[in-house]
Amino acid sequence: MNSKVIIALDFNSLDEVLNFVANIQPDQCRLKVGKELFTAYGPNIVRELHQRGFEVFLDLKFHDIPTTVYKAIRVAADLGVWMVNVHASGGREMLKAARQAINDSINKPLLIAVTILTSLDDATVFDVYSNSVTEQVLYLSKLSYESGVDGVVCSAHEVGLIKSLINSNFIAVTPGIRLSNEKSDDQTRIMTPSAALDAGADYLVIGRPITQSNHPKELLS
Ligand code: C5P
């Protein structure tokens, strides 16, 4: 599958999800199941999407003690998902436990660590970490790479530095994608799809610009 687009299915009703996916094809994009949908429908929503031929990114951003994360990732891997994620700030032992969980599983999803959420701006990140966004994203990316994680979630603004300073094969998954001249909602570190791809992003996570569009299929072509 060549598409770099991952659609964030941030809906709260099963009907809305199924109506949306009925209009798109599995070769056009992958689908992201996040906290809202998973809390409402659990593993069955993942099975529904698999039955329709879609690959799924289970975006539950695990952040807990290493044993709990190990067990949660084992269950996620057994569901057959394509990608799972954890928070890099969970620390080295937690990241290694997540890696181990995938090594011990038959199905091996890509393991991605969230660095700094794309909704956070410099002032907020400084308030929490006493560090700039760029420094903190790089620090957490390096920690993730050293712990055996396959890649990171970051904004497209940080991709170039991660690829050049850490490893060009380290996967960059970028949310905060906005089509030109549209509202940014609660995202602050945003970029257009073509600029994000030019910056080296491996996968673009796109939610509201596509899910709230009247022409989602056209936007994917
Ligand atoms: O609607 P929008 O395009 O902003 O959706 C972005 C999606 O990516 C949301 O589901 C959000 O939870 C997710 N995400 C993010 N920033 C991260 C990790 C995930 O926006 N760092």
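Couple of notes before you dig in:
- Listed by position, the helices (runs of 4 or more DSSP H) contained in the range 128-221 that have at least 3 residues being closer than 25 Å to VAL84 by Cβ are 133-146, 156-165, 193-198, 208-211.
- Selected residue (criterion: nearest to the ligand (Cβ to nearest atom)) from residues of the range 18-38 that are at pLDDT 95 or above and of a type in the set (Val, Ile, Thr): VAL33
- Residue match in the range 152-163 (condition: among the polar types (S, T, N, Q), touching a Lys or Arg at 6+ places or on another chain (Cβ under 9 Å) and within 29 Å of GLU93 (Cβ to Cβ)): yes
- Scanning the range 63-94 for residues that are more than 16 Å from the ligand (Cβ to nearest atom) and within 15 Å of LYS142 (Cα to Cα) returns GLY91, ARG92, GLU93, MET94.
- For the range 156-186, the candidate set comprises residues that are within 12 Å of the ligand (Cβ to nearest atom) and closer than 14 Å to VAL114 by Cβ; within that set, the residue that is surrounded by the most Cβ atoms within 10 Å (Cβ to Cβ) is THR174.
- Positions within the range 109-119 being surrounded by fewer than 21 Cβ atoms within 10 Å (Cβ to Cβ) and either at pLDDT below 95 or more than 25 Å from ILE7 (Cβ to Cβ) (or both), in sequence order: LEU117, SER119
- Qualifying residues in the range 199-221 (those that are more than 10 Å from the ligand (Cβ to nearest atom) and in contact with a strand residue (DSSP E or B) (Cβ under 9 Å, 6 or more places away or on another chain)) - the one farthest from PRO26 (Cα to Cα): ALA199
The values are calculated or read from the model by the stated rules, or taken from the named source; none is laboratory data. All of these numbers come straight from a predicted model, not from anything done at the bench. Using ideal geometry, Cβ is built from the backbone for each residue, glycine included, and neighbour counts are taken over all protein chains shown.
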